Amino acid sequence: MKARYALLGLGLLLFCGSMVVWGKRLFVQPDDAGRVEAPAVPPVPEAEAEREAVEDVIEEVEAPVLMSRPVQETAVRIEEADAVLSEGSALSENPDYRGGNGTILTYAESDWVRKIIRKCEMDVTIGGMLNDEGHTVYESIARKNAVGLLQDGDRVSLLQQCTLEYLQEPKSEYGSERGDLWYKLRLADGSDGWICTNDEYLYSMVPYYGNSYELLGTVHSGGKTWTVRKLEQTLSVFEALNIRDKPGLDGSVLYTIRPGESDPVQTNVHVTAVTEEEDTVDGMTDRWVRVSYGDCEGWVFGGYTSAERGGPKYFIPEQLIAFDLGDLP
């Protein structure tokens with residue numbers, strides 16, 4: 001029993017001692033000069049963690065946004081391609097654009113980058129389809145020296161188009177090259193500059209990419225001469241449609257697509273070419289389109305096809321440019 005009381009007394013003594021210590025922290029007495037020293041308050045772990053998290057977020061926001069390809073590195077690689085050009089780089093192919101838009105003006109290629117500058121002369125009105133980055137006008141395609149900022153509604157004159165393909169970077173899951181799409185333009189004050197409208201991947205909707213819309217030749221059918229242009233895209237068919245051996249109703253029927261019967265309700269056909277000229281069939285005016293479907297390749301009237309997406313029905317370069325920069329509704 002005595003031992004129990006002794007232990008109890010010792011516990012009480014320790015408790016009182018701790019209360020004195022905490023009392024000194026909580027009830028601070030002034031010194032001889034009347035000054036009060038604030039007690040040191042230990043940090044609360046939860047509050048400290050929250051403060052550090054906030055500081056991390058602030059640091060992340062305030063940090064400069066780095067481009068996937070630093071400006072300096074891009075400039076060096078472009079100069080590398082230009083050096084190859086000065087040594088006599090030659091085109092492996094010379095697409096025919098009749099000297100008009102799409103004609104290649106400059107070609108340069110190194111192990112790292114392929115640069116192609118084409119003639120692209122047209123007037124456009126800047127609109128909401130152009131991304132924010134595309135509104136910045138640079139002195140060169142190396143993103144050096146921003147010299148202007150476009151506003152929606154500005155009317156500008158395009159002069160050239162430039163594609164930069166980064167040959168050493170991974171392709172997209174669909175096999176598209178990583179690259180940039182640039183346009184040289186003339187502003188209202190007469191100065192020239194460059195805008196970048198795409199810095200991700202180059203694919204079939206990039207105007208003139210892969211020599212899209214180059215002249216393939218002519219076809220004579222039904223007393224008409226049809227000018228044939230290269231075009232790669234997909235269109236859909238929802239009603240019976242004949243595939244013919246030539247453009248025009250005089251062409252022989254090779255196969256009839258019957259959506260919902262012998263073919264899918266939405267039958268997708270791969271487009272390989274299109275006519276410059278339009279035709280009127282069943283009150284509809286449209287172009288003739290060369291398509292590949294299964295083992296059959298031939299011509300269909302475009303009025304019975306549709307594009308199940310936004311933007312122009314056909315990937316005709318001038319229409320794509322007007323749409324991408326915001327001019328085409």
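The values are calculated or read from the model by the stated rules, or taken from the named source; none is laboratory data. Given the structure is predicted, the values throughout are model-derived calculations rather than measurements. FYI the Cβ positions are ideal-geometry reconstructions off the backbone, even for glycines, and counts take in every protein chain you see. For the accessible areas, the whole protein counts, side chains as well, though only heavy atoms, and no ligand, DNA or RNA atoms are used. Shrake-Rupley method; radii C 1.70, N 1.55, O 1.52, S 1.80 Å.
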When only alpha-carbon atoms count, how far does the range 189-329 stretch along each of its three principal axes, as whole angstroms with the largest first?
55, 35, 29
With a 1.4 Å probe and all protein chains left in place, how much accessible area per residue does the range 254-307 have, in Å²?
46 Å²
Under a Cβ-Cβ cut-off of 15 Å, what is the net charge of the residues other than Ser236 that fall near it, where Lys and Arg count +1 and Asp and Glu count -1?
-1
Summarise the long-distance tail of P(r) for the range 166-261 by giving the % of C-alpha pairs beyond 21 Å.
61 percent
Residues other than Lys184 with Cβ under 12 Å of its Cβ, Lys/Arg counted +1 and Asp/Glu -1, net out at 0
Measure out, as a whole number of angstrom, how far apart the alpha-carbon centroids of the range 287-311 and the range 164-236 sit.
19 Å
Given 0.36 nm per residue, what is the gain on full extension from Asp250 to Gln168 after removing their alpha carbon distance, in nm?
24.6 nm
Ignoring ligands and nucleic acids, Asp192 exposes an accessible area, probe 1.4 Å, in Å² to the nearest 10, of 60 Å²
Just how much of Phe238 is accessible, in Å², when a 1.4 Å probe is used and the result is rounded to the nearest 10?
100 Å²
What's the Kirkwood radius of the range 85-202 in Å, using all Cα pairs?
15.3 Å
Using a 7 Å offset from the Cα along the Cα-to-Cβ direction at both Glu261 and Ser157, what is the distance between the two label points in nm, to one decimal?
5.6 nm
Here are some pairs, Lys144/Lys184; Lys115/Lys230; Lys119/Lys246; Lys115/Lys313; Lys115/Lys144; Lys246/Lys313; which of them have Cα atoms lying more than 25 Å apart in this structure?
Lys119/Lys246; Lys115/Lys313
Rounded to a whole number, what % of the accessible area of the range 234-290 do carbon and sulfur atoms account for, probe 1.4 Å?
43 percent
Accessible surface of Lys171 - all protein chains present, 1.4 Å probe, nearest 10 Å²:
110 Å²
Given a cut-off of under 8 Å on Cα pairs at least six residues apart, what relative contact order in percent is computed for the range 102-167?
42 percent
